[in-house]
1. Between ARG7 and THR36, how high is the FRET efficiency from 1/(1 + (r/R0)^6) when r is the Cβ-Cβ distance and R₀ = 25 Å? Nearest 0.05.
2. Of the listed values [x] 49, 16, 11; [y] 46, 16, 12; [z] 32, 19, 17, identify the label whose number matches Cα extents along the principal axes in Å calculated from this model.
3. For ASP12, ASP35, give the ranking by accessible area with the largest first, probe 1.4 Å.
4. Roll a 1.4 angstrom probe over the protein heavy atoms and tell me the percent of accessible area of the chain that is carbon or sulfur.
5. For a quick protection proxy, order the peptides 38-47, 1-10 by their average other-Cβ count within 10 Å, most packed first.
6. Stretched out fully, how many nm does the piece from ALA44 to LEU18 gain, at 0.36 nm a residue minus the Cα gap?
7. For the chain, with every protein chain kept in place, what is the accessible area per residue (1.4 Å probe, Å²)?
Amino acid sequence: MQSPCVRQCCLDDADVCLGCLRTLEEILAWGEADDTQRLRILDAVARRRQERSSGSGR
């Protein structure tokens, strides 16, 4: 499974990447994560993207 990294790495105050919307913890875990863990990360990213597009995120 390919990383969601878009090479626009910059963390906000909550340690969430402004490019891929993964947390620092998720970014660090990605390399060792199995497919199930990666899917959980991608689900969390999708939720963050939805929150930000609806204006309820940071």
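The values are calculated or read from the model by the stated rules, or taken from the named source; none is laboratory data. Nothing here was measured: the structure is a model prediction, and the numbers come from that model. With ideal geometry, Cβ positions are generated from the backbone for all residues, glycine too; neighbour counts draw on all protein chains shown. Calculation scope for accessible area: heavy atoms of the full protein, side chains included, ligands and nucleic acids excluded. Shrake-Rupley method; radii C 1.70, N 1.55, O 1.52, S 1.80 Å.
1. That gives a FRET efficiency of 0.45.
2. [z]
3. Ranked list, largest accessible area first: ASP35, ASP12.
4. Of all accessible area on the chain, carbon and sulfur atoms account for 47 percent.
5. Going from most to least packed, we get 38-47, 1-10.
6. Extending this stretch completely gives an extra 8.0 nm.
7. 73 Å²
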